[in-house]
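Shown next, in structure tokens, is the structure this report addresses.
Read the figures in this text as sums done on the coordinates, not as results from a lab. Keep in mind it's a predicted model, so treat the numbers as computed, not measured. Cβ placement follows ideal geometry from the backbone for every residue including glycine, while neighbour counts extend to all protein chains displayed.
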């Protein structure tokens, strides 16, 4: 049977007292920070989960930023497409008005002047910029795609700008100008049919004026197809954004359960630890008190 000495009792007492102090320090740290995990040693497994949640939240925040940027870009493109549609509608209405054959040349010349202004407006629309970037020039967003003099023969870059809106999920946010205004060889190239219409008005060529009505209708239908595609993508992005928000809420909840302290429980445990510490001091005083001098009295 092992003999228990005064030194052993004192050592064990000091060890237990130190453990009580460490426990109180940990609880007080949790109470002041509001967090259960303040250093890796608090819970190595919990720390690994916490780091994973933080990584997921960071990636999710970037995806949400991308969806917002994509929505802004496409919303601007749709607005510009609406303006282009208004120009085409005005040109068509003018063509219908001019096609009845009763207008004198002076009236046609007035329409020609107005159509020339609308042509310039369409070129301006083709050179629309969003945040300093040309939206209809593919990936070459720093270069102007069209000029007044050569818009018919100029073709935009066809590169697509992809935004990542999820892990491995990308969506093209831009529309190349060739798809909007037409290829150089298209019979309904927006710039070509407008120039042809302007010439027809100047020449009083009613056959060409009548042809312009069908050309404008053809290009308008393609405008509508582009806007429908933009609308479908915006709906998809909106649904994706809602899903990303739901994921963030779920991950934040898991992160909170892993990292945050149960304040009510911490306060209760701290009170218990303080009582234990006080009891330890009281008991220790009785253990350490006897000495050789006490026995010699």
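Between residue 18 and residue 90, the contour length at 0.36 nm per residue exceeds the alpha carbon distance by 17.2 nm. With contacts taken as Cα pairs under 8 Å at a separation of at least 6 residues, the range 73-254 carries a relative contact order of 24 percent. FRET efficiency for the pair residue 107 and residue 242, taken as 1/(1 + (r/R0)^6) with r the Cβ-Cβ distance and R0 = 51 Å, rounds to 0.40. Extension gain for the segment residue 52 to residue 195, taken as residue separation times 0.36 nm less the Cα-Cα distance, is 45.5 nm to one decimal.
Multiplying the residue separation of residue 162 and residue 45 by 0.36 nm and removing their Cα-Cα distance gives an extension gain of 38.4 nm.
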